[in-house]
1. Among the aspartates and glutamates, which have Cα under 16 Å from the Cα of K97 when same-chain residues fewer than 8 positions away are ignored?
2. In sequence order, what are the phi-derived ³J(HN,Hα) couplings for the range 28-37 according to the Karplus relation 6.51 cos²θ - 1.76 cosθ + 1.60 with θ = phi - 60°, rounded to whole Hz, with x for glycine and proline?
3. Excluding residues on the same chain fewer than 8 positions from K55, give the lysines whose Cα lies under 23 Å from its Cα.
4. In the range 7-114, with Lys and Arg counted as +1 and Asp and Glu as -1 at Cβ, which of these residues, Y111, V71, H85, has the Cα nearest the positive end of the dipole, that is, farthest along it?
5. Using the 10 angstrom Cβ neighbour count as an exposure proxy, how do H58, H85 rank, fewest first?
6. Is it possible to state the helix-based mean residue ellipticity at 222 nm for the chain, with each DSSP H run of 4+ residues giving -39500 (n - 2.57), the sum divided by total residues, to the nearest 500 deg cm²/dmol? What is it?
7. If one computes P(r) from the Cα atoms of the chain, what percent of pairs lie at distances over 24 Å?
8. How long is the gain from R16 to L96 if the chain were fully straight, where each residue apart is worth 0.36 nm and the alpha carbon distance is subtracted?
Amino acid sequence: MAKNEYRIYVVELSKRVFTENRKFREANPQFNGVLECLYVGMTSKTPKERFLQHKTGHRNKKGYKISANIVEKYGSYLRPSLYNHIDPISTRAEALKMEETLALELRRQRYAVWFN
């Protein structure tokens, strides 16, 4: 992957997130409990590298935590079938927009989804 390319990725979350996290539940009133709970993100790393950062509570060089608490606590595994069709994106702004677009599309399909 080229230096300035971004990838969109999807992590399946434990369904416990829906019962234990009020903000997640409020963000997903369409969820009927049938499909999965998901986290959609974007990264300049590989999705696998980024997932491992989330799960280990990774911090940057300045000591700031850069992992999502929701993935660290509830993340189960990557769901490549939900993001492999999306080509690498050249700008951060475009990647953020695609992250939101995919997240909202998955919500329309009745998944429960969190994104930043």
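1. E5, D87, E105
2. Once rounded to whole Hz, the list reads 10, x, 7, 6, 10, x, 7, 7, 8, 8.
3. Of all the lysines, those that pass the test against K55 - Cα under 23 Å, at least 8 places apart if same chain - are K15, K23, K45, K65, K73.
4. With unit charges placed on the Cβ atoms, the residue in question is V71.
5. Ordered by Cβ neighbours within 10 Å, fewest first: H85, H58.
6. That calculation yields -10500 deg cm²/dmol at 222 nm.
7. The share of Cα pairs beyond 24 Å in the chain comes to 22 percent.
8. Extra length from R16 to L96 when fully extended: 26.1 nm.
Quick note: the coordinates plus some simple rules give every number you see, no bench work behind them. From a predicted model like this one, the values you see are computed outputs, not experimental measurements. Using ideal geometry, Cβ is built from the backbone for each residue, glycine included, and neighbour counts are taken over all protein chains shown.
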